[in-house]
Amino acid sequence: MPTSWADSVAAADNAAAAAGASSGGGRSAYVPPHLRNRPPPSSEPPVLAHGGPSSGNIAPAGNRWAAPRNDYGRSGYSSGGGGGGGRGGGWNNRSGGWDRGSGRDREVNPFGDDEGADVEPVEQENTGINFDAYEDIPVETSGDNVPPPVNTFAEIDLGDALNKNIRRCKYVKPTPVQRYAIPISLANRDLMACAQTGSGKTAAFCFPIISGIMTGQFPPRAPHMSRTACPLALILSPTRELSIQIHNEARKFAYQTGVKVVVAYGGAPINQQLRELERGVDILVATPGRLVDLLERARVSLQMIKYLALDEADRMLDMGFEPQIRNIVQQMDMPPPGVRQTMLFSATFPKEIQRLASDFLAGYIFLAVGRVGSSTDLIVQRVEYVQETDKRSHLMDLLHAQRANGTHGKQALTLVFVETKKGADSLEYWLCSNGFPATTIHGDRSQQEREQALRSFKSGHTPILVATDVAARGLDIPHVAHVVNFDLPNDIDDYVHRIGRTGRAGKSGLATAFFNENNSSMARSLSELMQEANQEVPAWLARFATRASFGGKNRRGGGRFGGRDFRRDNSYSRGGSDYYGAGNMSSGYGAPSGGYGGAYGSGVTSAWD
DNA sequence: AAAAAAG
């Protein structure tokens, strides 16, 4: 039920989206509520107390998904685990797997809907994007024997449980990165993907991991005695909030599959995370620092890792995580490349990432998806010339104007990016004392404060959020109507990420940037980006751009990718410095014709993240 | 230069 302005908008949007989703193919048979989460009836083998070596880790063809892998929380209950390989596949359900004990092990419904109801749930964090606007996103792949992309989720055998969750998420059709990455991953190939936040990455690496864990033959989780958790998959991400978000999404995808997802990040009490780990983990989502801590305490072992995914890898390197990441991947007990399966996601593909790719991946496939932010006109971008000293009053004008035409008499959600943590605090204080309820998120705030700030913003309680770049990438905050670059970043990629916080869910968004002499290094890339996105470039900015042609980094030589597969460059001897590629990628451009065809009206949900 | 992340 709508509890805020933002929610009521979501509800309205979802009504339309649900109509589209319900027409999607591949529905599973209706299962009455009281029969759900139960071991499947009759034709299935009985509950196995002792999973013999060959005892049905793989179900009969076409039926292997019949049972969710309900054996999580199996610590201490997993009898016969020593018998060798009697795990997985969905047969290991023990009757009462859901009713066991005090009910603490009952899986929380991550969709927040009534577990019994078979209605299309209202998904508050519906993050779909108008797919029609993205038909022209180019895709490039290279490598040996690239599996062909799929055009629908139904084409991929992800199984009933996962398919059901996909429908509950109201994903109607896969995004470009999903169309390519999921088949690659299901073919057990390593993947180097250049894709931006907002391209649907999370599902792209979660679906194959969950599916792989469900079908794979893995030994039982560590018995309760052992305090060392042995996840089968590890997902690393740069910021705590991003880890939390990935965890939340992964829980939805894994709901009632029996695949257990746990998150570990710094700034939060470690004890609760330790308890979660003790109760068993298949997929661990973590920030590097906390994971190293857990590894040093021997509370996590990586020896069972079959899947490794690194999200926002360039960001993690920017943040100085390379030593920790190499420590985690290369110095601990993680199986080597080729044994495990690795997916590396990065917005760009500079030399450091190329090195990481050759060290972490084996025989990988390179995938590049065009940037989302530049090829859409869903976001109206404005640049205004504002002197440093005038910024606050200018912001005030914007907020007043916005309040005037605000819907429901409420302030639309506005995300204000500033350069420094101090600046964030002082702007928040100033806004609050001037009658604009604001909060702030940055690295000097406690984790509790950060999460509280996000909640307060999302709910509309404080419809203005002042943020540093901690919130620039990956964070999905639905219904942001306006992104203000109070201080412009020094990097055009950061700008793209920031404005990408709006214009989501198929709605238009507004992005306003305050520009002055201090930002002249951005003039060129900014005006190029705006031109590419069919935005009106102010004449004064164009003049800045020509005047300041010395500064700023060029935008990708006109290409729309974050990078290209350096293995294809015969100019590799140059040292790979020309990693942005200068277009000329005629092969594999765009999707196969008809790939995006379909009777989806605007506003129909897709699986963008 | 600032930001983030392990306390």
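The values are calculated or read from the model by the stated rules, or taken from the named source; none is laboratory data. Not measured: the values here are computed from a predicted model. Methodologically, a virtual Cβ is constructed for each residue, glycine included, from the backbone with ideal geometry; neighbour enumeration extends over all protein chains shown. Just so you know, the surface numbers come from the protein's heavy atoms only, side chains and all, with ligands and any DNA or RNA stripped out. Shrake-Rupley method; radii C 1.70, N 1.55, O 1.52, S 1.80 Å.
Six or more apart or on different chains, Cβ under 6 Å: which pairs go from a residue in the stretch A:424-445 that's at negative phi and touching a residue at least 24 places away in the same chain (Cβ under 8 Å) to one that's among the hydroxyl-bearing types (Ser, Thr, Tyr) and in a strand (DSSP E or B)? Could you list them?
A:424/A:440; A:428/A:440
Filter the stretch A:446-456 for residues that are under 15 Å from residue A:477 (Cβ atoms) and under 21 Å from the mean Cα position of the chain (by Cα); which is farthest from DNA strand B (Cβ to nearest atom)?
Taking the stretch A:446-456 and keeping what is under 15 Å from residue A:477 (Cβ atoms), we get A:450-456.
So of that shortlist, the ones also under 21 Å from the mean Cα position of the chain (by Cα) come out as A:450-455.
Working: A:450: 8, A:451: 11, A:452: 15, A:453: 11, A:454: 12, A:455: 16 Å.
Of everything passing the filter in the stretch A:446-456, A:455 is farthest from DNA strand B (Cβ to nearest atom).
This table checks each residue for (1) more than 25 Å from residue A:455 (Cα to Cα); (2) within 14 Å of DNA strand B (Cβ to nearest atom).
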position	(1), (2)
A:203	no, no
A:232	yes, no
A:237	no, yes
A:245	no, yes
A:271	no, yes
A:281	yes, no
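Against the condition open to solvent by less than 30 Å² (accessible area, probe 1.4 Å), in the same structural domain as residue A:245 (by TED's automatic domain parsing), out of contact with any Lys or Arg (no Cβ under 9 Å at 6 or more places or on another chain) and not hydrophobic (A, V, I, L, M, F, W, C), how does residue A:147 come out, does it pass?
Details: open to solvent by less than 30 Å² (accessible area, probe 1.4 Å): yes; in the same structural domain as residue A:245 (by TED's automatic domain parsing): yes; out of contact with any Lys or Arg (no Cβ under 9 Å at 6 or more places or on another chain): no; not hydrophobic (A, V, I, L, M, F, W, C): yes.
So residue A:147 does not fit the description; no.
Hey, does the stretch A:327-340 have a residue that's away from DNA strand B (no atom under 13 Å from the Cβ), open to solvent by 50 Å² or more (accessible area, probe 1.4 Å) and basic (Lys, Arg)?
Scanning the stretch A:327-340 turns up no residue that is away from DNA strand B (no atom under 13 Å from the Cβ), open to solvent by 50 Å² or more (accessible area, probe 1.4 Å) and basic (Lys, Arg).
Residues being open to solvent by 30 Å² or more (accessible area, probe 1.4 Å) and in contact with a helix residue (DSSP H, G or I) (Cβ under 8 Å, 6 or more places away or on another chain): count how many of those fall in the stretch A:266-285.
Selection size over the stretch A:266-285: 1.
Any chance you could count how many residues in the stretch A:283-305 are within 16 Å of DNA strand B (Cβ to nearest atom) and under 18 Å from the mean Cα position of the chain (by Cα)? Spell out how you get there, then give the answer.
Just the residues of the stretch A:283-305 that are within 16 Å of DNA strand B (Cβ to nearest atom), to begin with: A:284-300, A:302.
Okay, now just the ones that are also under 18 Å from the mean Cα position of the chain (by Cα), so A:284-288.
Total meeting the criteria: 5.
Take the conditions farther than 20 Å from residue A:475 by Cα, buried (at least 23 other Cβ atoms within 10 Å of the Cβ) and more than 17 Å from the chain's Cα centre (by Cα) and apply them to residue A:214. Does it pass? It would help to see each step written out before you state the result.
On the way: farther than 20 Å from residue A:475 by Cα: yes; buried (at least 23 other Cβ atoms within 10 Å of the Cβ): yes; more than 17 Å from the chain's Cα centre (by Cα): yes.
Yes; evaluated as a whole, the condition is true for this residue.
Scan the stretch A:286-293 and give yes if some residue there is open to solvent by 10 Å² or more (accessible area, probe 1.4 Å), among the basic types (Lys, Arg) and either touching a residue at least 40 places away in the same chain (Cβ under 8 Å) or over 30 Å from residue A:181 (Cα atoms) (or both), otherwise no.
No, the stretch A:286-293 contains no residue that is open to solvent by 10 Å² or more (accessible area, probe 1.4 Å), among the basic types (Lys, Arg) and either touching a residue at least 40 places away in the same chain (Cβ under 8 Å) or over 30 Å from residue A:181 (Cα atoms) (or both).
Going through A:280, A:258, A:267 one at a time, which residue ends up being touching a Ser or Thr at 6+ places or on another chain (Cβ under 6 Å), more than 23 Å from residue A:478 (Cα to Cα), in contact (Cβ under 8 Å) with a residue 60 or more places away in the chain and in the same structural domain as residue A:169 (by TED's automatic domain parsing)?
Numbers: A:258 fails: touching a Ser or Thr at 6+ places or on another chain (Cβ under 6 Å); A:267 fails: touching a Ser or Thr at 6+ places or on another chain (Cβ under 6 Å).
Matching residue, one of A:280, A:258, A:267: A:280.
Please enumerate the residues belonging to the stretch A:417-445 that are more than 9 Å from DNA strand B (Cβ to nearest atom), touching a strand residue (DSSP E or B) at 6+ places or on another chain (Cβ under 8 Å) and open to solvent by less than 50 Å² (accessible area, probe 1.4 Å). Walk me through how you get there before you give the answer.
Taking the stretch A:417-445 and keeping what is more than 9 Å from DNA strand B (Cβ to nearest atom), we get A:417, A:425-440.
Okay, now just the ones that are also touching a strand residue (DSSP E or B) at 6+ places or on another chain (Cβ under 8 Å), so A:417, A:425, A:427-428, A:431-432, A:436-440.
Within the stretch A:417-445, A:417, A:427, A:428, A:431, A:436, A:438, A:439, A:440 qualify.
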